[in-house]
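These notes concern the structure reproduced below.
The values are calculated or read from the model by the stated rules, or taken from the named source; none is laboratory data. Everything quoted here is computed from the prediction, not taken from an experiment. Virtual Cβ from ideal backbone geometry, glycine too; neighbours counted across all protein chains shown.
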Amino acid sequence: MKRVLSGLQPSGQLHIGNYAGAIRQFVDMQADHEMFVFVASYHALTSTRDPDVLRANTRQVVIDYLAFGLDPSAHPNTHIYLQQDVPQVTELAWLLSCICPKSQMDKATTYKDKIARGLSASVGLYTYPILQAADILSVNPDLVPVGKDQVQHIEITRDLAQKFNHAYGDVFKIPAYKLQDDAEVLPGIDGQKMSKSYGNDIDPFMDEKPLRKRIMKIKTDSTPVEDPKDPDNCTVFQIFRGLAGRNDPRTLDLANRYRASGSQGMGYGNAKQALYELILDHFADARKRRTELINDPGYVDKVLKDGAAAAQEKVADVITRARQAVGL
Ligand code: ADP
Ligand code: TRP
């Protein structure tokens, strides 16, 4: 059984982009993989300064993982844990930072993007990919499922693992990344990449009324109802397609409605209504489960305790070998 590791930062409410780009893959893989899925709480310190907010977001990500369908009770090989419960990853990050050329960090595009968005240029943000490499290498996974924007970080991880193995002997497996089939970056309500930190996201757990209001706010152009429209250029359609799937009959049907004209023409309001209904339908189970989980903190605590124990076992082994290899 192949081992999988992935995680998300608890930097705000998860959105349908996180689900479509990352979490959906985790859920699909758990039937036949050994899953290590964690909450990247140390990473979130690069953007979150309020301890209460960090604690609440960390807990919320765990609940959302479970609500979206990760299920350690049905899949004993699925482990969910908090990064702070395996603090040895910070030691491994140090070992890796000592073999990482500074020029490699200079090339990381996520750092530049985040600075451009207004995050403060801390050393932690700058070396963020090294800590991510440590998360990954610490459990020796075969596969790392991520969204497209994370590919460079996995390439850095592979490179650091190779450099380390070359310098000190084989300690790390070289992991591969895995993208969702027909992976798409979902745009947010303003047409830019949907992101927790852009204020343009859609939270699938919102109450119905505010959810509908949010969807109605998606930016569209002013093409009149009776004119044909290009679905590929419309944010509403792109979100719909990202969630339902490129070849799903509902996506193909909506595309045809965009292209229709005259009395058959469709207004953007109808497309938004279709997206709203898709979201309610797609996340019906998740929304129900999430309410149950919020009312069952004991179960969530148990998931995290078991997950931490499983992760610690793997991490302890890798760290021991890495320490020995470097001469500690
Ligand atoms: P955010 O930009 O909202 O802070 P993260 O950078 O924490 O999201 O990403 C968490 C995971 O979700 C990553 O694997 C990322 O590739 C995926 N992801 C984030 N935003 C999107 C999006 N708009 N479309 C598809 N996948 C996304
Ligand atoms: N950088 C990832 C993101 O923003 C989160 C992350 C941290 C991660 N460590 C990881 C993802 C290890 C995969 C593997 O989404």
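Structural remarks
- Selection count where residues are under 15 Å from residue 16 (Cβ atoms) and not in a helix (DSSP H, G or I), scope the stretch 233-247: 1
- From the options 90, 48, 78, 58, residue that is out of contact with any Cys (no Cβ under 7 Å at 6 or more places or on another chain), surrounded by fewer than 16 Cβ atoms within 10 Å (Cβ to Cβ) and in contact (Cβ under 8 Å) with a residue 24 or more places away in the chain: 90
Quick grid of which residues meet (1) in contact with a Gly (Cβ under 9 Å, 6 or more places away or on another chain); (2) within 23 Å of residue 292 (Cα to Cα); (3) of a type in the set (Val, Ile, Thr):
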| position | (1), (2), (3) |
| --- | --- |
| 37 | yes, yes, yes |
| 40 | yes, no, no |
| 46 | yes, no, yes |
| 50 | no, no, no |
| 54 | no, yes, no |
| 70 | no, yes, no |
| 81 | yes, yes, no |
| 86 | no, no, yes |
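- Looking only at residues of the stretch 1-40 that are among the β-branched types (Val, Ile, Thr), surrounded by 22 or more Cβ atoms within 10 Å (Cβ to Cβ) and at pLDDT 95 or above, we find that the one that is farthest from ligand 1 (Cβ to nearest atom) is 4.
Okay, residues lined up against (1) more than 16 Å from ligand 2 (Cβ to nearest atom); (2) touching a Leu at 6+ places or on another chain (Cβ under 8 Å); (3) hydrophobic (A, V, I, L, M, F, W, C):
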{"site": "148", "(1), (2), (3)": "no, yes, no"}
{"site": "154", "(1), (2), (3)": "no, no, yes"}
{"site": "157", "(1), (2), (3)": "no, yes, no"}
{"site": "170", "(1), (2), (3)": "yes, no, no"}
{"site": "176", "(1), (2), (3)": "no, yes, yes"}
{"site": "186", "(1), (2), (3)": "no, yes, yes"}
{"site": "189", "(1), (2), (3)": "yes, no, yes"}
{"site": "210", "(1), (2), (3)": "yes, no, no"}
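- Flag: residue 144 matches the condition of being modelled with pLDDT of 95 or more, within 16 Å of ligand 2 (Cβ to nearest atom) and of a type in the set (A, V, I, L, M, F, W, C).
Table: residues versus (1) within 22 Å of residue 176 (Cβ to Cβ); (2) touching a strand residue (DSSP E or B) at 6+ places or on another chain (Cβ under 7 Å); (3) assigned to a helix (DSSP H, G or I).
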{"site": "84", "(1), (2), (3)": "no, no, yes"}
{"site": "96", "(1), (2), (3)": "yes, no, yes"}
{"site": "112", "(1), (2), (3)": "no, no, yes"}
{"site": "115", "(1), (2), (3)": "no, no, yes"}
{"site": "124", "(1), (2), (3)": "no, no, yes"}
{"site": "130", "(1), (2), (3)": "yes, no, yes"}
{"site": "144", "(1), (2), (3)": "yes, yes, no"}
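- Which listed residue is within 23 Å of residue 44 (Cα to Cα), aliphatic (A, V, I, L, M) and in a helix (DSSP H, G or I), from 215, 202, 156: 156
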